[in-house]
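Accompanying notes for the structure given below.
The values are calculated or read from the model by the stated rules, or taken from the named source; none is laboratory data. Remember, it's a predicted structure, so these values are computed and weren't measured experimentally. Cβ sites come from the backbone with ideal geometry, for glycine too, and all protein chains shown count toward neighbours. Quick note on the areas: whole protein, heavy atoms, side chains included, nothing else; ligands and nucleic acids left out. Shrake-Rupley method; radii C 1.70, N 1.55, O 1.52, S 1.80 Å.
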Amino acid sequence: SSAASDVYKSQPRTPPEPVPDGPPVPDDTLLSAALRAIRAGDLASTTPRKPGSAPAAAGELPRTGAAETLATMQAAVLTGEALWIGYVNAEGAASQRVIAPVRVEGGFVTAYDHTADEVRTYPLHRITGVAELADDAG
């Protein structure tokens, strides 16, 4: 019908999408970043890490200072890149994660977590450090 094509003409960049049942989507910024992050994550999961950017010892977490961690996170928000982080949870258990930061504010980073396959928010003070993933495969 012509009515449908008029809608698309007035909004060529954002065709309406079906909304699944369930919790509300956080917001468009988060959603588009998460979609971009998922694509980056497909790449990250098959990409070897750069020699030298990751610790030599298996199981060791990346360690960067607070200022460097924050700056790297903020840069990744702008570029849409995924980062490898060391994270210590409330129980003190350390883990490694691959995240794509979406927003950094108020001492927290909101990111798409490839390890958990969902968007999560992390307190920056629990992040031991960050390392960039290799992006030069192929």
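Take the residues in region 77-115 that are aromatic (Phe, Trp, Tyr) and out of contact with any Phe, Trp or Tyr (no Cβ under 8 Å at 6 or more places or on another chain); name whichever of them is modelled with the highest pLDDT.
Among those residues, the one meeting the criterion is Tyr112.
For Tyr112, state whether it is hydroxyl-bearing (Ser, Thr, Tyr) and within 17 Å of Glu68 (Cβ to Cβ).
The answer is no for Tyr112.
Collect the residues in region 96-123 that are open to solvent by 70 Å² or more (accessible area, probe 1.4 Å) and aromatic (Phe, Trp, Tyr), keeping them in residue-number order.
Phe108
Just the residues that are of a type in the set (D, E, K, R), under 19 Å from the mean Cα position of the chain (by Cα) and either closer than 15 Å to Tyr87 by Cβ or at pLDDT below 85 (or both), please, taken from region 54-76.
Arg63
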